Amino acid sequence: MSEDVIHHFDAGEMGCAEGLPAAFRSQLELVPAGEILEIVARDPSAREDLPALARLLGHEVLSSTLNEDADVVVQVRRVGPTPEGT
C-alpha cells in the first residue's frame, strides 16, 4: 500500500474577504487526482468554509482541525482528473 502524497498550502492570515476561496481552488487545481492538499489558515472561519467549498467542488474532505497554534488545518483529497486529464 503506497503512502498518500500530501501537498501543503499555508494561507497565512488570508480569509474569505482576502481571496482564500480563490486561492484554495487554485492550489487544489495543482494537485493530481487522488493526492491530498493540506491547508493551514489562521482565519477561524476557514474550518467551516473550506470543507464546505471542497465538498461543493466534489472533493473528499479528510479532516478539519485546529493545530497546537490554533491554526485551522484542513486536508482535502482531490477527486477527478487533473487539468491535463491525467
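Values in this text are rule-based calculations from the coordinates and carry no lab data. Quick caveat: nothing in here was measured; it's all calculated off a predicted structure. Note: ideal-geometry Cβ built from the backbone for every residue, glycine included; neighbour counts use all protein chains shown.
Take Leu28, Leu56 and order them by how many other Cβ atoms sit within 10 Å, fewest up front.
Starting with the residue having the fewest Cβ neighbours, the order is Leu56, Leu28.
Which listed residue (Pro32, His7, Gln75) has the Cα farthest towards the positive end of the charge dipole for the chain, taking +1 on Lys and Arg C-beta and -1 on Asp and Glu C-beta about the Cα centre?
Result: Pro32, furthest along the dipole toward the positive end.
Quick one: angle between helix 46-56 and the longest Cα principal axis of the chain, in degrees between 0 and 90, rounded to 10, please.
30
May I ask you to derive the relative contact order of the chain, considering only C-alpha pairs under 8 Å and at least 6 residues apart, and to give it as an integer percent?
RCO, the chain: 32 percent.
Only counting other Cβ atoms within 10 Å, I'd like Arg25, Arg47 sorted with the fewest neighbours first.
Ascending number of Cβ neighbours within 10 Å: Arg25, Arg47.
Can you give the angle from 0 to 90° between the axis of helix 20-29 and the longest principal axis of the chain, with both taken from C-alpha atoms, to the nearest 10?
Rounded to the nearest ten degrees, it is 20.
Figure the gain on full extension for Glu29 and Leu56 (residue separation times 0.36 nm, minus the Cα-Cα span) and round it to one decimal in nm.
Difference between extended and current length: 8.3 nm.
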